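Structure first, commentary second.
Every read-out reported here was derived from the displayed coordinates using simple, explicitly stated rules and does not represent laboratory data. Since we're looking at a predicted model, the values are computed, not measured. Cβ placement follows ideal geometry from the backbone for every residue including glycine, while neighbour counts extend to all protein chains displayed.
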Amino acid sequence: MDKVQLHPTGFIDPSDPSNPTKYLAPEALRGSGGILVNSDGKRFINELDLRSVVSAGIQECCSRYKADGYDGPPFAWCILGPEGQALFGKAVLSFYKDELGLFEECP
């Protein structure tokens, strides 16, 4: 294998952030209108850019995930508005939100 494909987004389980097993965050989240913001709440990347560009943006513009002594990798928040939720699919989003606890609603 002479090439490696990477995926820029995965979910960090807030109840177990140091677990090395992560859930893949589908590119459809970004394709449905999800935006990525850093811990300052600033959008820092074109979410529809190449995977390598999005990954580099997260590495360069985002702080490390820190919780309860865990010093994890750089992370970004994914914000998905009502239209994006509808495009992504309420049933699939419900799985990530209600079954796995990886999304929460914000006012």
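With θ taken as phi - 60° and the Karplus curve 6.51 cos²θ - 1.76 cosθ + 1.60 applied, the whole-hertz 3J(HN,Hα) list for the range 24-32 is 5, 8, x, 4, 4, 4, 6, x, 8 Hz, x standing for glycine and proline.
Shown for the chain: lysine pairs separated by 8 or more places, or found on different chains, whose C-alpha atoms are under 24 Å apart, numbering 7. Residues whose amide H comes within less than 5 Å of that of GLY10, counting only those at least five positions distant or on another chain, are ALA25 (H built at 1.01 Å from N in the peptide plane).
Taking all Cα pairs closer than 8 Å and separated by 6 or more residues, the relative contact order of the chain comes to 27 percent. Across the range 101-106, computed HN-Hα scalar couplings (Karplus, 6.51 cos²θ - 1.76 cosθ + 1.60, θ = phi - 60°) run x, 9, 10, 9, 7, 10 Hz from first to last residue, x flagging Gly and Pro. How many angstrom lie between the Cα centre of the range 1-64 and the Cα centre of the range 67-107? Using only Cα atoms, the two centres lie 12 Å from each other. Gaussian network model of the chain, Cα springs within a sub-10 Å range: biggest mean-square fluctuation belongs to which of LEU36, LEU50, LEU93? Looking only at LEU36, LEU50, LEU93, the biggest GNM fluctuation is shown by LEU50. Backbone geometry of the range 45-60 corresponds, through the Karplus equation with coefficients 6.51, -1.76 and 1.60 at θ = phi - 60°, to 3J(HN,Hα) couplings of 8, 7, 4, 8, 5, 4, 3, 5, 6, 4, 4, 5, x, 5, 4, 7 Hz, x marking Gly and Pro. Rounded to 0.05, the FRET efficiency of the LEU87 and SER18 pair, given R0 = 41 Å and the Cβ-Cβ distance, is 0.80.
Longest segment of the chain with no GluC sites (Glu not before Pro) in a DSSP loop having at most 15 other Cβ atoms within 10 Å?
With GluC sites (Glu not before Pro) excluded where exposed in loops, the chain gives 1-103 as its longest stretch.
May I ask you to derive the FRET efficiency for ALA28 and SER94 from their Cβ-Cβ distance with R0 = 22 Å, giving the value to the nearest 0.05? According to the calculation, E is roughly 0.90.
Scaled to the globular estimate 2.2 N^0.38 Å, the Cα spread of the range 1-49, given as radius of gyration, is 1.35. Once divided by 2.2 N^0.38 Å, the Cα radius of gyration of the range 27-107 becomes 1.14. Among the trypsin sites (Lys or Arg not before Pro) found in the range 33-70, those both in a DSSP coil and sparsely packed, with 12 or fewer other Cβ atoms within 10 Å of their Cβ, are LYS42.
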